[in-house]
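For reference, the structure is listed below as structure tokens.
The values are calculated or read from the model by the stated rules, or taken from the named source; none is laboratory data. No experiment lies behind these values; they were computed from the predicted model shown. Neighbour counts are summed over all protein chains in view; Cβ atoms, including those assigned to glycine, are modelled from backbone coordinates with ideal geometry. Surface areas here come from the heavy atoms of the whole protein model, side chains and all, with no ligands, DNA or RNA. Shrake-Rupley method; radii C 1.70, N 1.55, O 1.52, S 1.80 Å.
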Number of protein chains: 2
Amino acid sequence: MLNINADRLLSDLYELRQIGAYKTGVHRPTLSEDDMRARRWLVDKLEAVGHVAHIDGIATVISRAPGDGPKLLAGSHIESQNHAGWLDGALGIVYALEAARAVAEDADLKARGAGVDVIAFSDEEGHFGGFFGSKSFVGDLSEDTIDAACDRTHGTPLREMLATAGLAGVPRVTLERDRYRAFLEAHIEQGDSLESDGLSIGVVTSIVAIWQYRVVCEGAQNHAGTTRMATRKDAGAALRRICRRIEETFPDIAAERSVWTVGRMTLEPGGPSIIPGHAEMLFQFRDADPDVLARLHAALATIVTEEDSAGPCSARLEVISQTTPAVMVREVQSAFVTAADAFAPTKHIMMPSGAGHDAQVIAPHLPTGMLFVPSIGGISHHWSENTSDDDIVVGGRVFAGAAGALLSQPR
Amino acid sequence: MLNINADRLLSDLYELRQIGAYKTGVHRPTLSEDDMRARRWLVDKLEAVGHVAHIDGIATVISRAPGDGPKLLAGSHIESQNHAGWLDGALGIVYALEAARAVAEDADLKARGAGVDVIAFSDEEGHFGGFFGSKSFVGDLSEDTIDAACDRTHGTPLREMLATAGLAGVPRVTLERDRYRAFLEAHIEQGDSLESDGLSIGVVTSIVAIWQYRVVCEGAQNHAGTTRMATRKDAGAALRRICRRIEETFPDIAAERSVWTVGRMTLEPGGPSIIPGHAEMLFQFRDADPDVLARLHAALATIVTEEDSAGPCSARLEVISQTTPAVMVREVQSAFVTAADAFAPTKHIMMPSGAGHDAQVIAPHLPTGMLFVPSIGGISHHWSENTSDDDIVVGGRVFAGAAGALLSQPR
């Protein structure tokens, strides 16, 4: 089975970690100077492998491996959240780079003209909108959307940032579907499932769907001193009753890995002596199973309808978004499992991804698979995010091993 | 019993309503042009009764009745909340004006040198801080507080507004305790107790205390997709558990007229895909009975402590303010009841005030009483606030009748 140079893998990751270093993490927001340094660093690394590499018009880095044999596409993102972890995105980039090198150095694969093209999608982290690189790559990002996008932290227009980075007028690269057997992405888990079960590898079965809602209650704003309890129409109280019903109902009907979250609650007008006349919350749940999603949706709709009927406040449910679960193809899952049996026997598991990744954007267009390694303490989107060197190396071996196997299969 | 001129009372109220008219209500924020017009209107009316009247350095209007006999102080506030009702404050001003006139026109009281000084306290509604006029009047408002105060709507400093109104450097009037037998204030109920019981007069026994709290829960901010339900430390969920315990506990231990309100809830950081790591709410309860207040406080403290102990989030209770109930003196209550027996037999009731009034600031310094008339639909702090002409007139008769009786008593 194809193997990697573990020291080189770790050395590259530590090099990349120095670019935009912040405490033990990194600060590389999309199109910042440090982000562009990281992209150029990657181009140099890929050219050293013998690839043709460049940064496209949306700042995605893409390389083409030499040879006219079978090809895979592999990668992730290279920018970070603000003041966040050193591995979120970067791990998948360096795994792809190392897999490309391992394939290039394998005599048999080289002879067959096989290769791993490496891609670092721009702005997966959503500084300007989210998944702009992968969406652009599959033809799902309009010029109008780019025109309208501004950095969420400092408000600078995306066009201005692209021009500053020297990317104004540079064409955007799109997917050549026939070139690739599959797309592979590795990532830190961003949760604690693997760590808490003592495992080293998660083979992703699907990327969960996220169903997001706004729940709105309307009552009667009134004086908090003179309005008797019995006659109140407290919209905040109505919203909390809905939360309570959700908390009572969902554990019984959810699947083992379903998650649901009240991310925001707002009572209006919000004065200490005013009974809220309007209350709303942002609520979401996630699961990979369409049946579970439908069941949770039906329960939520019933709860809101019943609160509305019972009164004294009105209640309504607004759907913000309902994505489709992205299923990872069985062929890639099997390749990961076979490689994990070799490099991490009894230490791997099949699992859904609770977070979104570029892989979900690519999945409808190309056979796609994802690999997870543990996050220490489940920490994510924070500079203290980390993974042990041992787990990093094992993940890199499994990733490259699966890539080699997929490239070796007859077609 | 002393009586009033009902047409004159209504005519004055309708005149005052024209100043800053907004829909069927008024918009007269403290020290606005319309507010100052209203204050000058009142000065003119009082001078026409034979009083010496002026606007003091905090914009409180005060008059002195002639004669060296017994005196009462009567009044309320004349500014309004933004775009609010025409009677909130104004009713008490015109009742005091009409009582002053009725006393001035009564041969016997006039012969005894009796009189009703009228006062319109500035900024009861808190455009700059709340109760500034009455606090200044009892010597409880420092120059530093005035220096620091700004209008809550447009941020203009109070000093600048006072200067614009021509009040810079004008002395502030303070209470002459020995001059008065009592302070009397009338007000709309701002609730629906009187209306729903078919009553016309509420004789206030006390002004409830307001105990205000901030309840804070701290958990762990984390990814809403990758953090399993079992391992979450959701600060918002912890805060909702506290609300639920309050809602379960308080009805059993509260008194009949106790009220409690969650006015604001904040989950941080408030993103749809982030488990809140911090959550807090503003919570208050009101009652006139110190024992009930203590019982509710103890229950709240227990609930928060138990949530903190149970985990997984920490919870703490911060006291924002705990006022003392202001007891109305029996002598004034009796005078109101006697007058109500004459003008509204079987249509009056003793009741606490759930809202705060200038009377609570004056009560520690002078024997104080308050009278309520019904609010249609219990509406308050809204331009649609209203009271029937019949109820307005009955209230005016009871108010003046009680004033006449208090002035006639031998001392």
Quiz item: In the range A:268-285, what residues are within 8 Å of chain B (Cβ to nearest Cβ) and open to solvent by 10 Å² or more (accessible area, probe 1.4 Å)?
Solution: A:271, A:272, A:273, A:274, A:282
Quiz item: Do the conditions hold for residue A:225, that is, is it at the interface with chain B (Cβ under 8 Å from one of its Cβ atoms) and at pLDDT below 95?
Solution: yes
Self-check item: Selection from the range B:247-260 of residues that are at pLDDT 95 or above and within 10 Å of another protein chain (Cβ to nearest Cβ)
Solution: B:247, B:250, B:251, B:254, B:258, B:259, B:260
Exercise. May I ask you to list the residues in the range A:191-216 that are among the aromatic types (Phe, Trp, Tyr) and open to solvent by less than 30 Å² (accessible area, probe 1.4 Å)?
Key: A:213
Exercise. Just name the residue that is farthest from the chain's Cα centre (by Cα) out of those in the range B:372-411 that are within 14 Å of chain A (Cβ to nearest Cβ) and of a type in the set (A, V, I, L, M).
Key: B:376
Quiz item: Residues of the range A:222-248 being within 18 Å of residue A:281 (Cβ to Cβ) and open to solvent by 40 Å² or more (accessible area, probe 1.4 Å), which ones?
Solution: A:233, A:241, A:244, A:245, A:247, A:248
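Criterion first (in a helix (DSSP H, G or I), touching a residue at least 24 places away in the same chain (Cβ under 8 Å) and either under 20 Å from residue A:118 (Cα atoms) or under 14 Å from the mean Cα position of the chain (by Cα) (or both)) does residue A:369 satisfy it?
Values: in a helix (DSSP H, G or I): no; touching a residue at least 24 places away in the same chain (Cβ under 8 Å): yes; either under 20 Å from residue A:118 (Cα atoms) or under 14 Å from the mean Cα position of the chain (by Cα) (or both): yes.
It is false that residue A:369 is in a helix (DSSP H, G or I), touching a residue at least 24 places away in the same chain (Cβ under 8 Å) and either under 20 Å from residue A:118 (Cα atoms) or under 14 Å from the mean Cα position of the chain (by Cα) (or both).
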Quiz item: For the range B:395-407, does any single residue satisfy the condition of being open to solvent by 10 Å² or more (accessible area, probe 1.4 Å) and out of contact with any helix residue (DSSP H, G or I) (no Cβ under 9 Å at 6 or more places or on another chain)?
Solution: no
Quiz prompt | Matching residues, the range B:108-144, being polar (S, T, N, Q), farther than 29 Å from residue B:408 by Cα and buried (at least 24 other Cβ atoms within 10 Å of the Cβ) | solution = B:122, B:136
Quiz item: Counting only residues that are crowded, with 21+ Cβ neighbours inside 10 Å and either of a type in the set (Ser, Thr, Tyr) or outside any helix (DSSP H, G or I) (or both), how many does the range B:286-309 have?
Solution: 3
Practice problem: Identify, by number, the condition in (1) closer than 17 Å to residue B:201 by Cβ; (2) in contact with a strand residue (DSSP E or B) (Cβ under 8 Å, 6 or more places away or on another chain); (3) open to solvent by 30 Å² or more (accessible area, probe 1.4 Å) that residue B:316 doesn't meet. | Solution: (1)
Quiz item: Of all residues in the range B:89-105, which are surrounded by fewer than 24 Cβ atoms within 10 Å (Cβ to Cβ) and either closer than 12 Å to residue B:16 by Cβ or touching a helix residue (DSSP H, G or I) at 6+ places or on another chain (Cβ under 7 Å) (or both)?
Solution: B:104
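So which residues in the range B:10-43 are acidic (Asp, Glu) and surrounded by 15 or more Cβ atoms within 10 Å (Cβ to Cβ), if there are any at all?
B:12, B:34, B:35
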Practice problem: May I ask you to verify whether residue B:100 is free of Cβ contacts under 8 Å to residues at least 60 places away in the same chain and not in a loop (DSSP other than H, G, I, E, B)? | Solution: yes
Quiz item: Within the range A:276-305, restricting attention to residues that are touching a residue at least 40 places away in the same chain (Cβ under 8 Å) and out of contact with any helix residue (DSSP H, G or I) (no Cβ under 8 Å at 6 or more places or on another chain), which residue is farthest from residue B:234 (Cα to Cα)?
Solution: A:290
Exercise. Among what's in the range B:39-58 and is touching a residue at least 60 places away in the same chain (Cβ under 8 Å) and part of a helix (DSSP H, G or I), pick the residue that is farthest from residue B:125 (Cα to Cα).
Key: B:46
Practice problem: Please determine, by comparing only the residues of the range A:161-187 that are without any contact (Cβ under 8 Å) to a residue 60 or more places away in the chain and of a type outside the set (A, V, I, L, M, F, W, C), which one is least open to solvent (accessible area, probe 1.4 Å). | Solution: A:166
Quiz item: Got at least one residue in the range B:153-160 being closer than 30 Å to residue B:328 by Cα and either open to solvent by less than 10 Å² (accessible area, probe 1.4 Å) or out of contact with any Asp or Glu (no Cβ under 6 Å at 6 or more places or on another chain) (or both)?
Solution: no
